[in-house]
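The values are calculated or read from the model by the stated rules, or taken from the named source; none is laboratory data. If you're wondering where the values come from, they're calculated on a predicted model, not measured in any experiment. Cβ atoms come from the backbone with ideal geometry, glycine included; neighbour counts cover every protein chain shown. For accessibility, only protein heavy atoms count, side chains too; no ligands or nucleic acids. Shrake-Rupley method; radii C 1.70, N 1.55, O 1.52, S 1.80 Å.
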Amino acid sequence: MDHRSRLIHAVVEQSGLSRSLCKCGRHSSRHIVDEFFETLDRDPGSLIEEDWMEGHVLIQSFLMDSAPAVARILMAALPHYGSGDAREVLLESISFLSGGDSDELVAQCQEVMVRGVWIFLEEISSGRSDRCASYAFEILEALEEDEWVRFARAEFADLLPAELLDPDHL
């Protein structure tokens, strides 16, 4: 088991997903992250803009009880997928969990994400991917990290889509 797998496995075990029932009717909520990472490692492109969390972690914009645990797992995985489709899928998924209509669960997810502000800023400043930079910026906006949003707009304007540079964007 490589260090990436070991860390993600440890966070999944710590998350409690194995002990909770999934709303889809399967025995354990863990199946969703197991299936996600299997697909992410095999064919990440198939997950782009596919709502793999629907019915398991969220229903439309309403987060489910498993959302904070999934947010922790995705944040733990993010540094280990440095670029490409897998990175895009992770940032897109984290973005979905950064907002919604379940205030308490959104706050729990955001509490995990706010610790990764530097990861999001690094993504924006890297110039690796416009889509990844956009997701990272949108996460900062959802977290209401206004100081860092202003910083990103000022320092990395050349790396962000024009619509994100508008201070009234949200």
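A few notes on this one:
- Computed over the chain with a Gaussian network model linking Cα atoms closer than 10 Å, the most mobile of Pro44, Pro68, Pro79 is Pro79.
- Most positive-pole-ward Cα, Val114, Leu140, Ala76, against dipole of the chain from beta carbon charges: Ala76
- Choice from Ala157, Ala69, Ala77 with maximal GNM fluctuation in the chain (Cα, 10 Å cutoff): Ala157
- Magnitude of the charge dipole, the chain, Cβ model with Lys/Arg +1 and Asp/Glu -1, debye to 20: 840
- Amide H contacts under 5 Å for Leu63, placed H, 5+ residues apart: Asp101, Ser102
- Per residue, the chain exposes 51 Å² of accessible surface when a 1.4 Å probe is rolled over the protein heavy atoms with every protein chain present.
- Here the simple spin-label model places points 7 Å from the Cα toward Cβ, and for Ala107 and Ala154 these points are separated by 3.1 nm.
- Sequence-separation-based contact order of segment 1-151, relative, with Cα cut under 8 Å and 6+ spacing, percent: 19
- Arg87 - accessible surface, heavy atoms, 1.4 Å probe, Å² rounded to 10: 10
- Ranking by accessible area, most exposed first, for Phe37, Phe151 with a 1.4 Å probe: Phe151, Phe37
- Taking the centroid of alpha carbons for each part, segment 93-111 and segment 44-80 are 10 Å apart.
- The sum of -39500 (n - 2.57) across all DSSP H runs of n ≥ 4, divided by the residue count of the chain, sets its helix-only mean residue ellipticity at 222 nm to -17500 deg cm²/dmol.
- Shape analysis of the chain places it in the prolate category; the axes a ≥ b ≥ c from the Cα gyration tensor give an a/c of at least 1.5, with a/b above b/c.
- Carbon/sulfur fraction of accessible area - segment 52-119, other protein chains in place, 1.4 Å, %: 52
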